[in-house]
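Have a look at the structure below before the remarks.
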Amino acid sequence: MGKVGIIGVGQSAFVRGYPGSIRELAFDGFKECMQDAAITTKDIDASIICSAPEYDKQRSAAGVFAEYLGLVPQPTFYLESLCSSSSMGLRTAYSLVKSGLHDVVAVIGFQKMSEISSAESQERMGRGADIQWESPFGTMMPAYYAMYARAHMAAYGTTPDDLALIRVKAATYGQINEKAVYRKGVTFEMFSDPESPMSNPVASPLRVGDCCANADGSSCVIVANEEKAKAFCKKPVWILGLGAASTAVNLPGRDLFTGLTVAQQAGEQAYRMAGVTAKDIDVAEVHDCFTIAEMMAYENLGFAKPGEGKELIKSKETYKEGSIPVNVDGGLLSKGHPIGATGGSQIRTIVLQLRGEAGEMQVKDPEIGLVHNIGGVGLYGNVSILGR
Amino acid sequence: MGKKKKEVDDRFKKFGTVSFTSITKVNDFIDYLEKGKVMASKCKDCGLVFFPPRADCYQCLTSNMEWIEVSGTGKLVSYSKLEFAPVGFGDDLPYAIALLDYGDYKVFGRIADGVPEEEIAVGMDMKTVANELPNGQLNYVFQKA
Ligand SMILES: [Zn+2]
């Protein structure tokens, strides 16, 4: 059985309040991907639609999208693992292709978070955890990640200032990414300026500047077997390693609070499958839904030892010119986080980097890239390693 | 018509500021809370202790559970004080969610309103206490041991 390659990537601009319906939003990412792959819809054997359904009014969006995108009568289905849905989509597409069942599969991620009112969204936010035992206490995503931040600070002496540096980096690249929802710069000083919204507390110790931007957006990744990939594509990017893991949704079922076990486990699996180590990664996209999440990713993926993630950002090693560039497209923090579309957008960034097509964001001659995509508060973890 | 309506055991709707669950096999948790007790469940077959409590043991594939009281003190693993809240929780602000480690199990909940933030530190000993909320709902909170 041959290799599995990525032959096309695309995404919509990530925006606040997309002025169209969800099928039209999906079209934007699909169109860019199809133009990139330079194939026709007849060449695609199946589609996987990835999203968090609680934001949709449309029931079972897969059929609606497949028709709108010209992907009928081929099989289509819906896949959900919260914020890591489209990385799980890549994993599923890989297995469909590797098994020989299909030659070419499209992984389409989307989220129109503005599809529902902000009150409805707030209400859903409250149900983002274990609804029987934890949501009745009034929990929110930022507060859970804040608990990880607090534990990391207590164990390793990490500070809110260290976390602010991660946001400053994200905003550096968000400014040069035309797809990003947040295009403005963020300075370190804003975090201590009471006049700046960045300094406002959300859930201690996290502030507004530590939290990612909600957005509407779509993404698309087209996966093909080796034969088709070589026939269709001049620069296929190969899927070298895939890892995935889960853990208890409620915190009492967990043992680690200074990192995410799902990221450690998915990372180990992906490294093993690819036959590489953290040192071999030339460019990475990590799931920075909050600044602390990127800090933990450094450590969980082996870019830094536990507790030493702060040194990596302080020394700017995760900037474009550093030893391990991370989220040089603005990350979720500045590019935005349309849940189901996020993984596909991360994969797109790495594919463009490996092809040398990342423009102003291009790091120097990368050969191997990594995508770390987390669902929920470390509930699901996917790590994908891609290579030229 | 005229048929007697089947009684629904929805005691769990009393749990927390806003409950999202009403029917569960561990509804007795609420009765214990009313009596001032916070309970975990223990599998009679293998001895595993579960918090949050559960009706079924995945290890034994049995449902042979007994209630045990969450007693003594746990160590504060982490906490966060919220400045924003989901719909329905705004009147409670600000409040802190937290996790205590009792060794055999951990308990997720809220820190009692009266505990000043400057006295809260990761690693400190706290105890879990049943609590009635201003809206008549029940939960439990962590107090300094
Ligand atoms: Zn058992």
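For B:VAL8, the conditions (1) surrounded by fewer than 18 Cβ atoms within 10 Å (Cβ to Cβ); (2) part of a loop (DSSP other than H, G, I, E, B); (3) within 15 Å of the chain's Cα centre (by Cα) all hold with the exception of (3).
Scanning segment A:175-229 for residues that are in a loop (DSSP other than H, G, I, E, B), touching a strand residue (DSSP E or B) at 6+ places or on another chain (Cβ under 7 Å) and among the small types (Gly, Ala, Ser) turns up A:SER204, A:ALA215. With respect to the conditions (1) of a type outside the set (Asp, Glu); (2) within 19 Å of B:GLY36 (Cα to Cα); (3) within 16 Å of the ligand (Cβ to nearest atom); (4) loosely packed, with under 15 Cβ neighbours inside 10 Å, B:CYS60 falls short on a single one, namely (2). Any chance you could count how many residues in segment B:96-109 are at the interface with chain A (Cβ under 7 Å from one of its Cβ atoms) and either in a strand (DSSP E or B) or not aromatic (Phe, Trp, Tyr) (or both)? Counting residues in segment B:96-109 that are at the interface with chain A (Cβ under 7 Å from one of its Cβ atoms) and either in a strand (DSSP E or B) or not aromatic (Phe, Trp, Tyr) (or both) gives 6. The set of residues from segment B:79-95 being on the phi < 0 side of the Ramachandran plot and at the interface with chain A (Cβ under 8 Å from one of its Cβ atoms) comprises B:TYR79, B:SER80, B:LYS81, B:LEU82, B:GLU83, B:PHE84, B:ALA85, B:PRO86, B:VAL87, B:PHE89, B:ASP92, B:TYR95.
Apart from one condition, B:VAL70 fits all of (1) within 22 Å of B:GLN143 (Cα to Cα); (2) loosely packed, with under 13 Cβ neighbours inside 10 Å; the exception is (2). Within segment A:22-45, does at least one residue satisfy the condition of being in a loop (DSSP other than H, G, I, E, B), in contact with a Phe, Trp or Tyr (Cβ under 8 Å, 6 or more places away or on another chain) and surrounded by fewer than 19 Cβ atoms within 10 Å (Cβ to Cβ)? Yes, some residue in segment A:22-45 is in a loop (DSSP other than H, G, I, E, B), in contact with a Phe, Trp or Tyr (Cβ under 8 Å, 6 or more places away or on another chain) and surrounded by fewer than 19 Cβ atoms within 10 Å (Cβ to Cβ). Within segment A:304-337, the set of residues being over 22 Å from A:ASN177 (Cβ atoms) and of a type outside the set (S, T, N, Q) comprises A:ALA304, A:LYS305, A:PRO306, A:GLY307, A:GLU308, A:GLY309, A:LYS310, A:GLU311, A:LYS314. Within this structure, B:PHE20 fails the test of being under 15 Å from the mean Cα position of the chain (by Cα), at the interface with another protein chain (Cβ under 10 Å from one of its Cβ atoms) and at pLDDT 95 or above.
If you go through segment A:53-90 and pick out every residue that is at pLDDT 95 or above and touching an Asp or Glu at 6+ places or on another chain (Cβ under 7 Å), you end up with 1. Which of the residues spanning segment A:169-191 are polar (S, T, N, Q) and either surrounded by fewer than 23 Cβ atoms within 10 Å (Cβ to Cβ) or more than 19 Å from A:HIS337 (Cβ to Cβ) (or both)? Scanning segment A:169-191 gives A:THR172, A:GLN175, A:THR187.
Screening B:VAL49 against (1) buried (at least 18 other Cβ atoms within 10 Å of the Cβ); (2) within 22 Å of A:PHE257 (Cα to Cα); (3) within 16 Å of the ligand (Cβ to nearest atom) leaves a single unmet condition, (1). In the condition set (1) within 14 Å of chain B (Cβ to nearest Cβ); (2) without any contact (Cβ under 8 Å) to a residue 12 or more places away in the chain; (3) in a helix (DSSP H, G or I); (4) aliphatic (A, V, I, L, M), A:LEU256 is compliant with all but (3). For segment A:207-222, indicate whether the set of residues that are under 22 Å from A:LYS320 (Cβ atoms), within 14 Å of chain B (Cβ to nearest Cβ) and aliphatic (A, V, I, L, M) is non-empty. The answer is no, given that none of the residues of segment A:207-222 is under 22 Å from A:LYS320 (Cβ atoms), within 14 Å of chain B (Cβ to nearest Cβ) and aliphatic (A, V, I, L, M).
Residue check: is A:GLY128 more than 21 Å from B:ILE23 (Cα to Cα) and of a type outside the set (A, V, I, L, M, F, W, C)?
On the way: more than 21 Å from B:ILE23 (Cα to Cα): no; of a type outside the set (A, V, I, L, M, F, W, C): yes.
Here the answer is no, as A:GLY128 does not meet what is asked.
Do we find that A:GLU321 is in a helix (DSSP H, G or I), over 12 Å from the mean Cα position of the chain (by Cα) and acidic (Asp, Glu) in this structure? Spelling it out, it is not the case that A:GLU321 is in a helix (DSSP H, G or I), over 12 Å from the mean Cα position of the chain (by Cα) and acidic (Asp, Glu). Only residues that are within 7 Å of chain B (Cβ to nearest Cβ), in a loop (DSSP other than H, G, I, E, B) and of a type in the set (D, E, K, R) were counted across segment A:126-156, and they come to 2.
Quick grid of which residues meet (1) within 16 Å of the ligand (Cβ to nearest atom); (2) within 19 Å of A:GLU134 (Cα to Cα); (3) surrounded by fewer than 20 Cβ atoms within 10 Å (Cβ to Cβ):
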position	(1), (2), (3)
B:ALA40	yes, yes, no
B:LYS44	yes, no, yes
B:ARG54	yes, yes, yes
B:PHE84	no, yes, yes
B:LEU93	no, yes, yes
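Residues in segment A:92-125 that are away from chain B (no Cβ under 14 Å), over 19 Å from A:GLN74 (Cα atoms) and assigned to a helix (DSSP H, G or I): A:MET113, A:SER114, A:GLU115.
Under the condition of being more than 7 Å from chain A (Cβ to nearest Cβ) and either of a type in the set (A, V, I, L, M, F, W, C) or at positive phi (or both), the residues counted in segment B:65-78 number 6.
Of the residues in segment A:247-266, not one is closer than 28 Å to A:LEU71 by Cβ and among the small types (Gly, Ala, Ser). With respect to the conditions (1) in contact with a Gly (Cβ under 8 Å, 6 or more places away or on another chain); (2) within 16 Å of the ligand (Cβ to nearest atom), B:TYR105 falls short on a single one, namely (1). One residue alone among A:ALA38, A:ALA26, A:ALA13 is under 18 Å from A:ALA224 (Cα atoms), modelled with pLDDT of 95 or more and touching a helix residue (DSSP H, G or I) at 6+ places or on another chain (Cβ under 8 Å), and that residue is A:ALA38.
The values are calculated or read from the model by the stated rules, or taken from the named source; none is laboratory data. Please read these numbers as outputs of a predicted model, since none were measured by experiment. Using ideal geometry, Cβ is built from the backbone for each residue, glycine included, and neighbour counts are taken over all protein chains shown.
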